[in-house]
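This report refers to the structure that appears directly beneath it.
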Amino acid sequence: MDKEKRFCYDIETTGLDCFEHRITCISIIDIDSEAVQSFYGDDEQKLIQNFWTAVKDAKLLVGFNNHSFDWPFLLRRSLFYAIKIIKVKQMDLRKEASGFWEHYDKKISGKLSDYTKKLTGEEPGTNGGSKMPQLYLEGKWEEIKDHCEEDIKLTKLLFDRCEECNFFSIGGYVRIAI
């Protein structure tokens, strides 16, 4: 039996408002093969189209804080360009790993860098998401891509740890939003 296609993904943007800002990079990593793809550059419409083409057979998209930011931003920017999207299950590891489904509280700590430190003992890279707008203005596409790819690799590391510990077995993927 074929395994379901599952990807971790992350986006980088020029800001937080999808009406005023744009996506500069989308990176994905295949959870099973660990193949990484990144779509980035000045042509936002093209990079969004390339993302949807790459995940067209996905059964699950996993992100970190994606329910609150990445997914709504990506959907709205797709809508602005009239790009056809796919219906796919979503998992937000910030909510899953922080126990937010049982007691949701946005004030609970749980940044990707917090989990990275605990899982690997290492500090994540210093090129944080807050630097993305400036890197965009400077045209530093490789740095934007590198940061986005670092984030999806960390997200996959957290996903693997949760899966290894049967963290998701408390009802499977029942809590995933569609």
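Here are some notes:
- Taking the stretch 5-21 as the range and being surrounded by fewer than 13 Cβ atoms within 10 Å (Cβ to Cβ) and either assigned to a strand (DSSP E or B) or acidic (Asp, Glu) (or both) as the test, the residues that pass are 17, 20.
- Taking the listed residues 30, 43, the one that is closer than 25 Å to residue 140 by Cα, out of contact with any Pro (no Cβ under 6 Å at 6 or more places or on another chain) and among the charged types (D, E, K, R) is 43, with no other qualifying.
- Qualifying residue in the stretch 88-101 (condition: surrounded by 15 or more Cβ atoms within 10 Å (Cβ to Cβ), of a type in the set (A, V, I, L, M) and modelled with pLDDT under 90): yes
- Contact map, the stretch 55-66: first residue among the acidic types (Asp, Glu), second residue in a strand (DSSP E or B), Cβ cut-off under 6 Å, separation 6 or more or different chains; pairs are 57/5.
- Neighbours by Cβ (under 9 Å, 6+ apart or cross-chain): first from the stretch 118-147, farther than 13 Å from residue 14 by Cβ; second among the β-branched types (Val, Ile, Thr) and at pLDDT below 85: 122/116; 123/116; 124/116
- Taken over the stretch 29-54, the criterion of being closer than 22 Å to residue 157 by Cβ, surrounded by fewer than 15 Cβ atoms within 10 Å (Cβ to Cβ) and without any contact (Cβ under 8 Å) to a residue 40 or more places away in the chain is satisfied by 32, 33, 35.
- Qualifying residue in the stretch 121-140 (condition: modelled with pLDDT under 70, among the acidic types (Asp, Glu) and not in a helix (DSSP H, G or I)): yes
The values are calculated or read from the model by the stated rules, or taken from the named source; none is laboratory data. The model shown is predicted, which means the values in this text are computed figures rather than measured ones. Quick reminder, even Gly has a Cβ in these numbers, built from the backbone with ideal geometry, and neighbours come from all protein chains shown.
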